[in-house]
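Chemist: Got a structure here, written out as structure tokens. Questions coming.
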Amino acid sequence: MPVQTEAKEQKVVVFSLNQKEYALDVQHVVSIEKMQHFTRVPHVPNYIKGVINLRGVIIPIIDLRTRFQVEAAEYNQNTRIIIVSMADKEVGLIVDEANDVMNIDLDTIESQPDVIGTERQNYIAGVVKIQDRLLILLKLEKILNFQED
Amino acid sequence: MEMSQYLEVFIEESREHIQSCNENLLKLENDPDNLELINEVFRSAHTLKGMSATMGFEDMANLTHQMENVLDGVRNGKYKFSSELLDIIFMAIDHLESMVNSIAAGGEGKEDVSDAINKLKMIESGKIVNQSDTTQTAEIDQANISKTNLNYDQFEITVLEQANEQGYKVYEVSIFIRPDCLLKAARVYMVFDVLEKIGDIIKSVPSVEQLEEEQFDNEFVVTIVTHDSMEDIEKKVMKVSEIEKVTVVPLKISDLKKMNNEDSPDENIEKNVSPHVVEQKKKEASSARDTTDKKITLSNKTIRVNIERLDALMNLFEELVIDRGRLDQIAKELNHQELSETVEKMSRVTNDLQSVVLTMRMVPVEAVFNRFPKMVRSLSRELGKKIHLQIIGQETELDRTVIDEIGDPLVHLLRNSVDHGIEMPEERLRKGKPEEGTIQLKAYHSGNHVFIEITDDGAGINREKVARKAVEKGIITEEQMNQLTDKEIFNLILTSGFSTADKISDISGRGVGLDVVKNTIESLGGTISVHSEENVGTTFLIQLPLTLSIISVMLVEVQKEKYAIPLTSIIETAIFKKSEIYYAHEQPVIDFRGKVVPILSLQEIFQVPKVIEGNDYISTVIIRKGDKLAGLVVDSFIGQEEIVLKSLGNYLTNVFAISGATILGDGQVALIIDCNALIK
């Protein structure tokens, strides 16, 4: 395999949430799981739905809709849990649908226009336009960091 | 030859043998006449020598060779077992240990062992000044008082006695064959040939069969009755080529009788049998003894497995359990008789498998503790203190990962106790304490934790001294000094940059030690605290979480959610009528066996969505923290189960009243309640 020395490209996992498309750096994605039974954990922020058993490892799951403060939706056949890992934390993100893995050109990433939202902006690293799709690149560390909210 | 594949085995086995040497040597110190123990040590040393020579680690082989010689001397009564001798052997073992470690780390296992070798050689040549030893050797030289090498049974003694009465002399002939000799068995045969011409051979160690099969090193001992003189025997045997050395020692029957304590009655009967039959008989006996010895060593064999593999096995197994649950369900839905039976059978097998997998990760703390007696011994000798280390609860099991981490902090604390805690013998006597100090190392399970206590009956911590030092070092201020409680002051010794020892010694106290200990323990999710009373002693209490260990829990249901309550916190379960609840300042309480016990609703505490209406009865689990009780209200009891405690991960830390989670048989997660957090 030829090594791309000038790695201007980034592989991302694309998922949809509330009719928008988001992208996460594939490096942080461990796996994508179907929605499954979870156990509620008391006294945690409301967006932490609970914990699941992922092949013997207990992993907390975050509902990204609640996290982004958009209306909640019923979980269905398409609902996916994207297991991400950052630093030494492993967390599952509940999304409406996981669509794609694709390459994006780093040069095409634009910063988020200031006008859109205020709170949510923190989670966003930038936006990428590919043909007629608009991908919102997420800052995983912000999503996982619940103490600083 | 490609050795790398054997290297791992070599390292593991070497460690096993070194450890067994350590243990047996320590036992020997208290029971120096126990021949069995000496033999055990000798065997370990011998195996080590063989292994290291095969693997080409020459330093190790040389050292073990010297060690073996000395041990052999001890075994044969040539040298008296003394603390000095033990020190030297321990020194050699320390070298061996570091060489093995170096090999394990990919090194060549080379080390300067000349000091140990020289000392061992000095023992061998009798130069180590040892009062009892020198007098004994002198006695042998001058008065020809016999010192026996071998053990004789009653029958052999009788035979020797009769030979003696008939004017024969009894000698023990030790023959050393040159190490480079190729056909040892042939030389043995020739030696036996020579000896049989002179007299009758009563006994040989190792046995004749073993000698013929070359199952011996370079030395063997033969007992012979003859008319010839010592010199003649020596000369005649030396004529056989490739013999390095022959020593002939006369034997006194009266001494043998004293030594002999193993009477075998059935052999007593045949008194008038010729020496040849005796030999035959003895061969059988000695070979029988050898097989039993082998059995003992075999039973301790273990396989070491990488912990990651165990983790993988555990996770795979849990997957299996989940699928088993699904199969079970499918079988029920299909109502297929044969399928159901198969699934049921599989359930039983997986249950057994589960307990095996779970216990595999647990290691008794003995794995860490067993190196301490030797350490404390050598430290106390170095410092000129008298210390007895008492170990309690070494069978307490801890998860392997914790075991691996806890060793160094414990070493540090023990060194601290030996160095700073226990006083010098004179000082102890002055204080009216027994001369010998005691350090107690104790491990036990309690609740969700394992506790390790290190208690010494030494000087204790001087509050003033610690406080002043802390002020000096800027850890606390002058005002704080008077406000802090004793306990708070004592715990200051765990902060960094602290050392109260007047003298800085090699053993502990550069002020970097105890805070490292604290950090390590905290990184394991544990805590450490100090309790002390001046002139009475100091206790370090380490609390370690049972991460990834197995605990017994009671599974309960709160509405539709399942929770696990550690059995260690539970006193019992009780069912009350609602009308039996009283209120004391808004706090619902019940009368439980004459005690007023507050009750807590888990549904409220955990904000469990309410779906089931209660009835007139409430089910409670009575829990305890110290001497305080509380009743947890639940909706139903499911039953007792052994579970694997898992953490909620690094993302969810410090969830109120939840100490962890576990995966149930159906693959779902149940949270484990931390009873300590519920009782204030």
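Chemist: Go over the candidates A:V84, A:V70 one by one and state the one that is at pLDDT 90 or above and of a type in the set (A, V, I, L, M).
Modeler: That would be A:V84, the only listed residue that is at pLDDT 90 or above and of a type in the set (A, V, I, L, M).
Chemist: Still on this structure: Would you confirm whether any residue within the stretch A:48-56 is more than 13 Å from chain B (Cβ to nearest Cβ) and touching a helix residue (DSSP H, G or I) at 6+ places or on another chain (Cβ under 9 Å)?
Modeler: No: zero hits.
Chemist: Kindly provide the set of residues from the stretch A:30-47 that are touching a residue at least 24 places away in the same chain (Cβ under 8 Å) and either more than 16 Å from A:E74 (Cα to Cα) or within 7 Å of chain B (Cβ to nearest Cβ) (or both), ordered by number.
Modeler: Of everything in the stretch A:30-47, those that are touching a residue at least 24 places away in the same chain (Cβ under 8 Å) and either more than 16 Å from A:E74 (Cα to Cα) or within 7 Å of chain B (Cβ to nearest Cβ) (or both) turn out to be A:V30, A:S31, A:I32, A:E33, A:P45.
Chemist: Also, quick follow-up: Mind checking which residues of the stretch B:593-620 are among the polar types (S, T, N, Q) and either within 13 Å of chain A (Cβ to nearest Cβ) or in contact with a helix residue (DSSP H, G or I) (Cβ under 7 Å, 6 or more places away or on another chain) (or both)?
Modeler: Those that are among the polar types (S, T, N, Q) and either within 13 Å of chain A (Cβ to nearest Cβ) or in contact with a helix residue (DSSP H, G or I) (Cβ under 7 Å, 6 or more places away or on another chain) (or both): B:S601, B:Q603, B:Q607.
Chemist: Just checking, does the stretch B:584-591 include any residue being assigned to a strand (DSSP E or B), under 44 Å from the mean Cα position of the chain (by Cα) and more than 13 Å from every other protein chain (Cβ to nearest Cβ)?
Modeler: No: the stretch B:584-591 contains no residue that is assigned to a strand (DSSP E or B), under 44 Å from the mean Cα position of the chain (by Cα) and more than 13 Å from every other protein chain (Cβ to nearest Cβ).
Chemist: Let me ask you something else. Residues of the stretch B:327-349 being under 27 Å from B:I551 (Cα atoms), among the charged types (D, E, K, R) and exposed (fewer than 13 other Cβ atoms within 10 Å of the Cβ), which ones?
Modeler: B:E344, B:K345, B:R348
Chemist: Restrict the check to the stretch A:24-37 and report whether at least one residue is among the small types (G, A, S), modelled with pLDDT of 85 or more and touching a Pro at 6+ places or on another chain (Cβ under 9 Å).
Modeler: Scanning the stretch A:24-37, I find no residue that is among the small types (G, A, S), modelled with pLDDT of 85 or more and touching a Pro at 6+ places or on another chain (Cβ under 9 Å), so the answer is no.
Chemist: Okay, moving on. Among the listed residues A:I62, A:I109, which satisfies the condition of being β-branched (V, I, T), in contact with a strand residue (DSSP E or B) (Cβ under 8 Å, 6 or more places away or on another chain) and modelled with pLDDT of 85 or more?
Modeler: Criteria check complete, one pass: A:I62.
Chemist: What are the residues in the stretch B:205-229 that are modelled with pLDDT of 80 or more and in contact with a Phe, Trp or Tyr (Cβ under 7 Å, 6 or more places away or on another chain), if any?
Modeler: B:E219, B:I224, B:V225, B:T226, B:H227
Chemist: Can you pull out the residues in the stretch B:630-643 that are among the aliphatic types (A, V, I, L, M) and either within 9 Å of chain A (Cβ to nearest Cβ) or in contact (Cβ under 8 Å) with a residue 60 or more places away in the chain (or both)?
Modeler: Selection gives B:L632, B:V634, B:I638, B:I643.
Chemist: Next up: If B:I623 passes every condition in (1) within 14 Å of chain A (Cβ to nearest Cβ); (2) without any contact (Cβ under 8 Å) to a residue 60 or more places away in the chain; (3) closer than 29 Å to B:Q587 by Cβ but one, which one does it miss?
Modeler: Only one criterion is unmet by B:I623, namely (1).
Chemist: Could you name every one of the helices (runs of 4 or more DSSP H) located completely within the stretch B:301-391 that has at least 2 residues being of a type outside the set (K, R), within 14 Å of chain A (Cβ to nearest Cβ) and within 18 Å of B:V644 (Cβ to Cβ)?
Modeler: Here the list reads B:307-334, B:337-360.
Chemist: Out of the stretch B:367-398, which residues are among the polar types (S, T, N, Q) and within 17 Å of B:E435 (Cα to Cα)?
Modeler: B:S380, B:Q390
Chemist: Search the stretch A:62-80 for residues being outside any helix (DSSP H, G or I) and surrounded by 14 or more Cβ atoms within 10 Å (Cβ to Cβ), and hand back the single one that is farthest from the other protein chains (Cβ to nearest Cβ).
Modeler: The selected residue is A:V70.
Chemist: Against the condition modelled with pLDDT of 85 or more, surrounded by fewer than 19 Cβ atoms within 10 Å (Cβ to Cβ), in contact with a Leu (Cβ under 9 Å, 6 or more places away or on another chain) and not aromatic (F, W, Y), how does B:E453 come out, does it pass?
Modeler: Yes: the conditions hold for B:E453.
Chemist: With respect to B:I672, is the statement that it is within 14 Å of another protein chain (Cβ to nearest Cβ) and either at pLDDT 85 or above or assigned to a strand (DSSP E or B) (or both) true?
Modeler: yes
Chemist: Could you check how many residues of the stretch B:644-656 are crowded, with 19+ Cβ neighbours inside 10 Å and touching a residue at least 24 places away in the same chain (Cβ under 8 Å)?
Modeler: Count: 3.
Chemist: Taking the condition modelled with pLDDT of 85 or more, surrounded by fewer than 17 Cβ atoms within 10 Å (Cβ to Cβ) and assigned to a strand (DSSP E or B), does B:L541 pass?
Modeler: The answer is yes for B:L541.
Chemist: Identify, from the list B:I454, B:I489, the residue that is in contact with a helix residue (DSSP H, G or I) (Cβ under 8 Å, 6 or more places away or on another chain) and under 30 Å from B:G660 (Cα atoms).
Modeler: Exactly one residue qualifies, and that residue is B:I454.
Chemist: Cβ-Cβ under 8 Å, sequence separation 6+ or interchain: first residue in the stretch A:81-98 and facing chain B (nearest Cβ under 10 Å) and over 11 Å from A:M35 (Cβ atoms), partner outside any strand (DSSP E or B) and of a type in the set (D, E). Which pairs?
Modeler: A:M86/A:E141
Chemist: Kindly establish whether B:P598 is more than 47 Å from the chain's Cα centre (by Cα), under 25 Å from A:V41 (Cβ atoms) and of a type outside the set (A, V, I, L, M, F, W, C).
Modeler: For B:P598, the condition - more than 47 Å from the chain's Cα centre (by Cα), under 25 Å from A:V41 (Cβ atoms) and of a type outside the set (A, V, I, L, M, F, W, C) - is not met.
Chemist: Please find, within the stretch B:58-107, the residue that is nearest to B:L26 (Cα to Cα) out of those that are more than 22 Å from the chain's Cα centre (by Cα) and aromatic (F, W, Y).
Modeler: B:F81
Chemist: Can I ask one more? Looking at (1) among the polar types (S, T, N, Q); (2) assigned to a strand (DSSP E or B); (3) farther than 28 Å from A:Q131 by Cα, which one does A:S31 not meet, given that it meets all the others?
Modeler: So A:S31 meets the others, but not (3).
Chemist: Check A:I59 against each of (1) under 14 Å from A:E33 (Cβ atoms); (2) more than 10 Å from every other protein chain (Cβ to nearest Cβ) and name the one condition it does not meet.
Modeler: (2)
Chemist: Could you check B:K578 against (1) touching an Asp or Glu at 6+ places or on another chain (Cβ under 9 Å); (2) buried (at least 20 other Cβ atoms within 10 Å of the Cβ) and say which number it fails?
Modeler: Single failed check for B:K578: (2).
Conditions tested, residue by residue: (1) farther than 22 Å from B:C21 by Cβ; (2) surrounded by 20 or more Cβ atoms within 10 Å (Cβ to Cβ); (3) polar (S, T, N, Q).
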residue	(1), (2), (3)
B:N351	yes, no, yes
B:V363	no, no, no
B:M375	no, no, no
B:I387	no, yes, no
B:G393	yes, no, no
B:T396	yes, no, yes
B:V402	yes, yes, no
B:L410	no, yes, no
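Chemist: I want to confirm something. Restricting to the stretch B:657-669 and keeping residues that are within 11 Å of chain A (Cβ to nearest Cβ) and touching a residue at least 60 places away in the same chain (Cβ under 8 Å), which single residue is farthest from B:S347 (Cα to Cα)?
Modeler: B:G660
The values are calculated or read from the model by the stated rules, or taken from the named source; none is laboratory data. Nothing here was measured: the structure is a model prediction, and the numbers come from that model. For neighbour counting, all protein chains shown are included, and Cβ atoms are generated from backbone atoms with ideal geometry for every residue, glycine included.
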